[in-house]
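Below is one structure, written out as structure tokens; the observations come after it.
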Amino acid sequence: MKTFISNRKGQKICVVAEEGRDNPHGLAFVMHGLSGNKDQKHISTFIESFSDCGYTVISFDTTNTYGESDGLPEDATTTNYLEDLEDVITWASNQSWYQTPFCLVEHSLGAFAVALFAQKFPEKIKGLAPISTVVSGHLSAESNEKTSLEKWKKDGYKITPSSTKPGLMKKIKWSEFEDRLKYSLLPEVDKLLMPVLMLVGDQDKSTPLKHQKILFEKLSGKKELHIIKNAPHTFTEPAHLAEIKNIFINWIKTL
């Protein structure tokens, strides 16, 4: 079921609810990364993994991205992603299929948002899968060359090619990075006591393995970290997606 809801700013958010079979095993929210959308191959893989395990799965396009929701992609921020997640969950709480605790899954900046939500409401979370997650704004700065950041700030925006939509050039304002610098998962990492699944490609330059290890080593609950060989930040290769789906299904069965 596809529907459109309004966020706290009155903007339209496109939400897809795929109800599980009779007596679903759980509920999962799946969120995309910066300039992504709910229909990307890796997002579909996360959704399919939970659906195959009998979960009701909610996916959505945040505002300010390349999807079916309102807003301009260049206006995207961590705050905007987190607020949209909260608004989608609030909407879901009034639906017949809603249940807690639920699972949160995402990629990159979306993973950052779901982990921040999990720190605010740990009692609501059954399992957390922050895939190729941003760990903190300051660590993001480390993964960018100083000259690149200086140019981004001077120009006021950064333009990069999309890895999932050939020909698309993504434009992101400097305000996105300034907003990201306000957030970090590390100060309240002790609140993430739920089972956590982490994945990262060994060729990831945006949220590299060394950043994932910083977060992983500080987690004190049940946790897994899987490294996908020869994979970049965004997973598109069929072999990588098949490996990820297998990892996900095995993890879901342990929840």
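The values are calculated or read from the model by the stated rules, or taken from the named source; none is laboratory data. These figures come from a predicted structure and were not determined experimentally. Here the Cβ positions follow ideal geometry from the backbone for every residue, glycine too, while neighbour counts run over all protein chains shown.
A few notes on this one:
- Checking each residue in segment 144-192 for being under 30 Å from residue 123 (Cβ atoms) and part of a loop (DSSP other than H, G, I, E, B) picks out 181, 182, 183, 185, 186, 187, 188, 192.
- The lone criterion from (1) touching a Phe, Trp or Tyr at 6+ places or on another chain (Cβ under 9 Å); (2) touching a residue at least 40 places away in the same chain (Cβ under 8 Å); (3) over 19 Å from residue 125 (Cα atoms); (4) not aromatic (Phe, Trp, Tyr) left unmet by residue 38 is number (2).
- Within segment 65-97, tally of residues that are in contact with a strand residue (DSSP E or B) (Cβ under 7 Å, 6 or more places away or on another chain) and aromatic (Phe, Trp, Tyr): 2
- Leading residue by the ranking (farthest from the chain's Cα centre (by Cα)) among those in segment 156-169 that are surrounded by 11 or more Cβ atoms within 10 Å (Cβ to Cβ) and over 15 Å from residue 144 (Cβ atoms): 168
- Search result, residues across segment 198-223 that are in contact with a helix residue (DSSP H, G or I) (Cβ under 6 Å, 6 or more places away or on another chain), surrounded by 15 or more Cβ atoms within 10 Å (Cβ to Cβ) and either of a type in the set (Ser, Thr, Tyr) or more than 17 Å from residue 105 (Cα to Cα) (or both): 211
- Note on segment 203-255: residues that are of a type in the set (Asp, Glu), in a helix (DSSP H, G or I) and over 21 Å from residue 163 (Cβ atoms) total 1.
- Selection over segment 4-47 of residues that are over 23 Å from residue 248 (Cβ atoms), β-branched (Val, Ile, Thr) and out of contact with any helix residue (DSSP H, G or I) (no Cβ under 9 Å at 6 or more places or on another chain) gives a count of 0.
- Of the residues contained in segment 240-251, one or more are found to be surrounded by fewer than 16 Cβ atoms within 10 Å (Cβ to Cβ), at pLDDT 95 or above and either in contact with a strand residue (DSSP E or B) (Cβ under 6 Å, 6 or more places away or on another chain) or among the aliphatic types (A, V, I, L, M) (or both).
- Any hit, segment 60-76, residues being closer than 21 Å to residue 121 by Cα and in contact (Cβ under 8 Å) with a residue 40 or more places away in the chain: yes
- Considering only residues in segment 1-25 that are modelled with pLDDT of 95 or more and of a type in the set (Gly, Ala, Ser), the one that is nearest to residue 174 (Cα to Cα) turns out to be 10.
- Check on residue 32, touching a residue at least 60 places away in the same chain (Cβ under 8 Å) and over 23 Å from residue 101 (Cα atoms): no
- The set of residues in segment 149-173 that are of a type outside the set (Lys, Arg) and either modelled with pLDDT under 90 or under 23 Å from residue 67 (Cβ atoms) (or both) comprises 157, 159, 160, 161, 162, 163, 164, 166, 167, 168, 169, 172.
- Selection from segment 170-192 of residues that are closer than 30 Å to residue 222 by Cβ and surrounded by 12 or more Cβ atoms within 10 Å (Cβ to Cβ): 180, 183, 184, 185, 186, 188, 189, 190, 191, 192
- The number of residues in segment 87-102 that are in contact with a helix residue (DSSP H, G or I) (Cβ under 7 Å, 6 or more places away or on another chain) and crowded, with 17+ Cβ neighbours inside 10 Å comes to 1.
- Residue in segment 103-121 that is touching a helix residue (DSSP H, G or I) at 6+ places or on another chain (Cβ under 7 Å), of a type in the set (Asp, Glu) and crowded, with 18+ Cβ neighbours inside 10 Å present: yes
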